[in-house]
1. Identify, please: which residue in segment 119-146 is over 16 Å from the mean Cα position of the chain (by Cα) and of a type outside the set (A, V, I, L, M) and is, among those, surrounded by the fewest Cβ atoms within 10 Å (Cβ to Cβ)?
2. Yes or no: LEU358 buried (at least 22 other Cβ atoms within 10 Å of the Cβ), in the same structural domain as GLY264 (by TED's automatic domain parsing), in contact (Cβ under 8 Å) with a residue 12 or more places away in the chain and in contact with a Pro (Cβ under 7 Å, 6 or more places away or on another chain)?
3. If you scan segment 33-71, which residues turn out to be surrounded by 22 or more Cβ atoms within 10 Å (Cβ to Cβ), in a strand (DSSP E or B) and either out of contact with any Lys or Arg (no Cβ under 6 Å at 6 or more places or on another chain) or among the aromatic types (Phe, Trp, Tyr) (or both)?
4. I need the full set of residues from segment 242-294 which are of a type in the set (D, E, K, R) and within 24 Å of GLY135 (Cα to Cα), in order please.
5. Only one of VAL28, VAL83 is touching a Ser or Thr at 6+ places or on another chain (Cβ under 7 Å) and either at pLDDT below 95 or not assigned by TED's automatic domain parsing to the domain that holds MET192 (or both). Can you tell me which?
6. Among the residues of segment 103-119, are any touching a Pro at 6+ places or on another chain (Cβ under 6 Å) and closer than 24 Å to PHE173 by Cα?
7. Mind listing whichever residues of segment 362-381 are closer than 23 Å to ARG6 by Cα, part of a helix (DSSP H, G or I) and either of a type in the set (Ser, Thr, Tyr) or out of contact with any Phe, Trp or Tyr (no Cβ under 7 Å at 6 or more places or on another chain) (or both)?
8. Among the residues in segment 312-325, are any over 30 Å from PHE115 (Cα atoms), among the small types (Gly, Ala, Ser) and in a loop (DSSP other than H, G, I, E, B)?
Amino acid sequence: MLRKNRLYTPGPTQLLPAAQFAMAAANVHHRTADFRALYQRVLADLKVFVGTQNDVILMAASGTGAMEASVANLTSPGDRVLVLTAGKFGERWTALAKAYGCTIDEVSAPYGETFSLEAVRSALKPDTRVVFMQGTETSTGARHDVKGVAQLLKGTDTLLVVDAITGLGTTHFDVDAWGVDIIIGGSQKAVMIPPGLAFCAVSERAWKRMETSKQPKYYFDLRKERKSAAKGESAYTPATALIAALGAALDYIRESGKGDLAKGREVLVNNAELAAEMTRAGAEALGLKLFAPHAPAAAVSAILSPGGMDSSELVKRFRDEFGAVVANGQGEMKGKMIRIAHLGYYDYLDTIAIVAALEQIMAELQPEKVKFGNAVRAAQQVYAASRAEKRALVTA
């Protein structure tokens, strides 16, 4: 049969067609009134998408650039920081803090799990300046308790920085009410455009902390970007085509909320939650196990390969037979799992298609164990239950 290439990876994700058209038409200079109007509109919409009243900074960088900017702007050499880590991206916080000469405490949990709030409470010290954590650990498919950690920091001078690069658009956050000081997003995730943009919402507490930071910084000086953004500009040459694409993507999310961007964000998150639940149900109907069963994320489902099989074989079969690109495990988890994302421009038919493809592959590998239709039926039953619940709420 014909094969259409489809991305089921946790970044880059499938591109929104309207965003692609916007990129193609983005023949504009960045120091003009037209671009300033676009830039100001995108920054204002990003605040709504994140769900914050705080200023949002937009940079030409991968999400790791915003992670590094957080460390560089909020700390000084020797500052004590606490890193909460349970996967490869949590470990990236440790590497960044080490690169900037911070004194690092860690709370760690095994891959596929999350850390206890009691362990976090015990690790906090009076001189802990910043806590760094993930919203979603994309390498394991686990979701962490951002709200719970934020509550532990209430009434202290300790800042909270959250890598929500795959969390924004897949998880419900209440950034300002919880007290998240910096929350980070990236363009190649739920906002459905190519890699190349990082953004972060920054609290007033965090801006104040920057006044005392002694770390070296130039391109990633967030205060410089804030000053330029107030004039509708970026401090350096922006990724004009990607910003045009981001504007189109945020318009699409607004349309999903019938003209209300905040409601559109809720629709986007609920869509990811439902697609993830459907996928998990389909995988479990095939007798497969989840890598993070106790705190599963909506951004990505990590599914263990069966019977010690190298998951690279599963990744290859998805690609060769169906044109579907799923992700392998990362680092030492490579060969042990596949990761199927549910980010952004992703709907019911995408979900049913990937579950059916997984069922087809497993039937070829383990014909004695797989009965066609069980996985797809399990996913459909989750969807049907969601529809019934929604109808009940409407009629209540």
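1. Going through segment 119-146, the residues over 16 Å from the mean Cα position of the chain (by Cα) turn out to be 119-131.
Among the residues that remain, those that are also of a type outside the set (A, V, I, L, M) are: 121-122, 125-129.
Details: ARG121: 12, SER122: 10, LYS125: 12, PRO126: 8, ASP127: 10, THR128: 19, ARG129: 20.
Checking each candidate, the answer is PRO126.
2. No: the conditions fail for LEU358.
3. ILE57, LEU58, MET59 - these are the residues of segment 33-71 that are surrounded by 22 or more Cβ atoms within 10 Å (Cβ to Cβ), in a strand (DSSP E or B) and either out of contact with any Lys or Arg (no Cβ under 6 Å at 6 or more places or on another chain) or among the aromatic types (Phe, Trp, Tyr) (or both).
4. ARG254, LYS263, ARG265, GLU266, GLU273, GLU277, ARG280, LYS289
5. Only one candidate qualifies: VAL28.
6. The answer is no, given that none of the residues of segment 103-119 is touching a Pro at 6+ places or on another chain (Cβ under 6 Å) and closer than 24 Å to PHE173 by Cα.
7. Keep residues of segment 362-381 that are closer than 23 Å to ARG6 by Cα, which gives 362-365, 372-373, 375-380.
Add one more test, that the residue is part of a helix (DSSP H, G or I), and what stays is 362-365, 375-380.
Residues satisfying the conditions are MET362, GLU364, LEU365, ALA375, VAL376, ARG377, ALA378, ALA379, GLN380.
8. yes
The values are calculated or read from the model by the stated rules, or taken from the named source; none is laboratory data. Just so it is clear, the model here is predicted, and its values are computed rather than measured. Neighbour counts are summed over all protein chains in view; Cβ atoms, including those assigned to glycine, are modelled from backbone coordinates with ideal geometry.
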